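The structure under discussion appears below in the form of structure tokens.
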Amino acid sequence: MGTLGALVKHPDDFYPLLKLKMAARHAEKQIPSEPHWGFCFSMLHKVSRSFALVIQQLDTKLRNAVCIFYLVLRALDTVEDDTSIATDVKVPILIAFHRHIYDRSWHFSCGTKDYKVLMDQFHHVSTAFLELEKGYQDAIEDITKRMGAGMAKFICKEVETVDDYDEYCHYVAGLVGLGLSKLFHASGAEDLAPDTLSNSMGLFLQKTNIIRDYLEDINEIPKSRMFWPRQIWSKYVNKLEDLKYEENSVKAVQCLNDMVTNALTHMEDCLKYMSALRDPAIFKFCAIPQIMAIGTLALCYNNIEVFRGVVKMRRGLTAKVIDRTNSMADVYGAFYDFSCMLKTKVDSKDPNAQKTLARLDAITKTCRESGVLNKRTILSSTIACIVS
Ligand code: D61
Ligand code: MG
């Protein structure tokens, strides 16, 4: 559906979309004039639709550090994701990446489109990195080193068990959570969060991506990429790719629901992490991706379309979440509505029905016990319309 068609169907998307458009325009006008910072911020806008806007709300020094943190890891991920690079070339680059960020003459050409520009012009990123305060540099270096080593480990290893799955997600996203917590702390605005909670923030986002991107990853050329753990999918099919064939639709949806149920385990840690934040801009920066992830999981649960094409939240809905996520009451409200709505989607014949329902009950209980469910203002209707 085109923009106009979507607006006729959801007229109340109009104002948040307009507000988002204006915020994006404002952000573009604010792009710094020095060429390396200019490159970094315009690259951020190009490669991450959603993160760019929320990063924009942070205080200048923290915003610069988070922008560089993002681009360094995005570049590392571009090396990891490029399935045309031979393993014996790729592994040493991943392992040494944390040293390359100090070297303004280093670059490695790979990836496509905007990612290729990021890789070819990487000197702008290292130049900006070298201007950050030492505390920020150290945090970024440490996480880059650990993520690169973890990615290298999984280049030669498949995700077999649920523990492997958690380990892989720790390297590529949990560590981002640990790094962000360090940056927030270094900025002076927040206490240092416990590692397990920071890790859960990343795991929840990454698992949602891995669930949603099943088809895209399995169809990857020249070699498919597989992140769903064998321990889960082998209960339903003999090969991961069998999930996409129509004759396996029932099994595929059961497997998908099993994966969603697994992702639900992180939600309570995420609530704990967010409820400890004090700075409103940092809070928004953390909460918006979480609520988008919930919305995506809500869309994916019991939905065969995950195996047929792209399942994505409407742009208007994304705009609403960005506009309306301002307090912990909004987050508890969204988590609560999401859990209630998911409960109605659980089919008693699903093999994991009891487990799924138990996890959802635990989440709704936590939200109710927060005592703020009636204090929220507007997000309540958002989740309800995701599935309709
Ligand atoms: C609070 C706020 C944001 C958070 C957080 C806590 C904790 C963790 C994260 C963000 C990271 C979540 C990553 C989820 C998206 N997954 C990916 O982008 C995959 O690549 C992972 C490795 C590179 C990570 C780059 C990154 C991402 C978000 C950031 C960040 C760095 C720095 C600061 C803020 C946010 C995925 O990418 C391909 C795709 O999804 O299309 C993949 O290759 O699996
Ligand atoms: Mg990757």
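Within segment 144-172, the set of residues being more than 9 Å from ligand 1 (Cβ to nearest atom) and aliphatic (A, V, I, L, M) comprises 149, 152, 155, 159, 162. Examine segment 191-203 for a residue that is free of Cβ contacts under 8 Å to residues at least 12 places away in the same chain, within 16 Å of ligand 2 (Cβ to nearest atom) and surrounded by fewer than 17 Cβ atoms within 10 Å (Cβ to Cβ), and state whether such a residue exists. No, because not a single residue in segment 191-203 is free of Cβ contacts under 8 Å to residues at least 12 places away in the same chain, within 16 Å of ligand 2 (Cβ to nearest atom) and surrounded by fewer than 17 Cβ atoms within 10 Å (Cβ to Cβ). Summed over segment 210-262, the residues that are more than 14 Å from ligand 1 (Cβ to nearest atom), open to solvent by less than 40 Å² (accessible area, probe 1.4 Å) and not in a helix (DSSP H, G or I) give a count of 3.
Within segment 50-68, not a single residue is closer than 27 Å to residue 225 by Cβ, more than 11 Å from ligand 1 (Cβ to nearest atom), part of a helix (DSSP H, G or I) and basic (Lys, Arg).
Checked against the criterion of being open to solvent by less than 70 Å² (accessible area, probe 1.4 Å), farther than 30 Å from residue 185 by Cβ and not in a loop (DSSP other than H, G, I, E, B), the candidates 117, 125 yield just one match: 117.
Residues are listed down the side, and each one gets a yes or a no for (1) in a loop (DSSP other than H, G, I, E, B); (2) within 23 Å of residue 300 (Cβ to Cβ):
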residue: 145; (1), (2): no, no
residue: 152; (1), (2): no, no
residue: 166; (1), (2): no, yes
residue: 173; (1), (2): no, yes
residue: 184; (1), (2): no, no
residue: 191; (1), (2): yes, no
residue: 208; (1), (2): no, yes
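In segment 331-361, of all residues being farther than 16 Å from residue 299 by Cβ and outside any helix (DSSP H, G or I), the one that is most open to solvent (accessible area, probe 1.4 Å) corresponds to 349.
Which one is nearest to residue 280 (Cα to Cα), of the residues in segment 83-110 that are buried (at least 17 other Cβ atoms within 10 Å of the Cβ) and within 16 Å of ligand 2 (Cβ to nearest atom)? The residue in question is 97. The residue pairs whose first member lies in segment 289-317 and is touching a residue at least 12 places away in the same chain (Cβ under 8 Å), whose second member is of a type in the set (Lys, Arg) and surrounded by fewer than 17 Cβ atoms within 10 Å (Cβ to Cβ), and whose beta carbons are closer than 7 Å, counting only pairs six or more residues apart or on different chains, are 301/345; 302/345. Any residue that is more than 17 Å from the chain's Cα centre (by Cα), in contact (Cβ under 8 Å) with a residue 12 or more places away in the chain and within 14 Å of ligand 1 (Cβ to nearest atom) - is there at least one of those in segment 173-182? Within segment 173-182, one or more residues are more than 17 Å from the chain's Cα centre (by Cα), in contact (Cβ under 8 Å) with a residue 12 or more places away in the chain and within 14 Å of ligand 1 (Cβ to nearest atom). For segment 300-325, a residue qualifies if it is open to solvent by 30 Å² or more (accessible area, probe 1.4 Å), modelled with pLDDT of 95 or more and either among the small types (Gly, Ala, Ser) or assigned to a loop (DSSP other than H, G, I, E, B) (or both), and the qualifying residues are 302, 303, 308.
The values are calculated or read from the model by the stated rules, or taken from the named source; none is laboratory data. The shown structure was predicted, so the numbers you read here are calculated from the model rather than taken from an experiment. For neighbour counting, all protein chains shown are included, and Cβ atoms are generated from backbone atoms with ideal geometry for every residue, glycine included. SASA here: full protein model, heavy atoms, side chains in, ligands and nucleic acids out. Shrake-Rupley method; radii C 1.70, N 1.55, O 1.52, S 1.80 Å.
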